[in-house]
Amino acid sequence: MTRDEILRVQPPVAQLLGREVIDIDSVNGGATLGFTAKPEFANRHGTVQGGLIAAMLDAATALALYAVLPVEQTAVTTNLNVSFLQPGHIGAFVAVGKLVSRDRRYGETSAELRNPEGVLVATAVAKLRIIKRRINK
């Protein structure tokens, strides 16, 4: 499997979040992702539950690092710090993740989540541990 194929795989959680890979920056480390928040994502206030917003940001921060890793490596999130700035309403979102720094064992990334009007809904900073990719046979 190529790196591009790996980055575009839609695991079940990506499908649940309505994730679409819009762009991958494999030079600098980055990813732009679209998401569709369904009515089932609503909390008691009628806005998107914070854990689902965090999941969208987790995907963007992870893919930002995956974009620069060799095929034989992957990464797992060890810390995700999310700041909620505005209520997220049911519908479309765009997340942009960027690689901040990386060494042999860890990567740090950041991401922003915006609504269709471009309003910043939430931000995140993540630390990820780089590991060897397990090949499922």
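The values are calculated or read from the model by the stated rules, or taken from the named source; none is laboratory data. Every value quoted in this text rests on a predicted model; they were computed, and no experiment measured them. Cβ placement follows ideal geometry from the backbone for every residue including glycine, while neighbour counts extend to all protein chains displayed.
Residue check: is residue 18 small (Gly, Ala, Ser), under 21 Å from residue 109 (Cα atoms) and at pLDDT 95 or above?
no
Is there a residue being under 18 Å from residue 121 (Cβ atoms), in contact with a Lys or Arg (Cβ under 6 Å, 6 or more places away or on another chain) and not polar (S, T, N, Q) anywhere in the range 44-52?
No, that holds for no residue.
Please go through the range 1-35 and give me each residue that is among the hydroxyl-bearing types (Ser, Thr, Tyr) and farther than 17 Å from residue 55 by Cα, ordered by number.
2, 26
Tell me yes or no: at least one residue of the range 87-103 is within 19 Å of residue 14 (Cα to Cα), more than 10 Å from the chain's Cα centre (by Cα) and acidic (Asp, Glu).
The answer is no; no qualifying residue exists.
Of a type in the set (A, V, I, L, M) and more than 19 Å from residue 51 (Cβ to Cβ) - does that describe any residue in the range 101-114?
no
I need every pair where a residue in the range 1-16 that is in contact (Cβ under 8 Å) with a residue 12 or more places away in the chain has its Cβ under 9 Å from the Cβ of a residue that is of a type in the set (Ser, Thr, Tyr), sequence separation at least 6 or different chains.
Taking only residues 6 or more apart or on different chains, the pairs are 3/26; 3/66; 4/26; 6/66; 6/74; 7/26; 7/66.
When the residues of the range 95-112 are filtered to those that are assigned to a strand (DSSP E or B) and out of contact with any Asp or Glu (no Cβ under 9 Å at 6 or more places or on another chain), which remaining residue is surrounded by the fewest Cβ atoms within 10 Å (Cβ to Cβ)?
Among those that are assigned to a strand (DSSP E or B) and out of contact with any Asp or Glu (no Cβ under 9 Å at 6 or more places or on another chain), it is 106.
Looking at (1) out of contact with any strand residue (DSSP E or B) (no Cβ under 9 Å at 6 or more places or on another chain); (2) more than 24 Å from residue 2 (Cα to Cα), can you tell me which one residue 70 breaks?
(2)
Suppose we filter 41, 84 for residues that are within 14 Å of residue 112 (Cβ to Cβ) and either free of Cβ contacts under 8 Å to residues at least 40 places away in the same chain or in contact with a Leu (Cβ under 6 Å, 6 or more places away or on another chain) (or both); which single one remains?
84
Is there any pair linking a residue in the range 101-120 that is in contact (Cβ under 8 Å) with a residue 40 or more places away in the chain to one that is basic (Lys, Arg) and assigned to a strand (DSSP E or B), with Cβ under 6 Å and at least six apart or on different chains, and which?
Pairs that qualify, where the first residue is in contact (Cβ under 8 Å) with a residue 40 or more places away in the chain and the partner is basic (Lys, Arg) and assigned to a strand (DSSP E or B), are 110/98.
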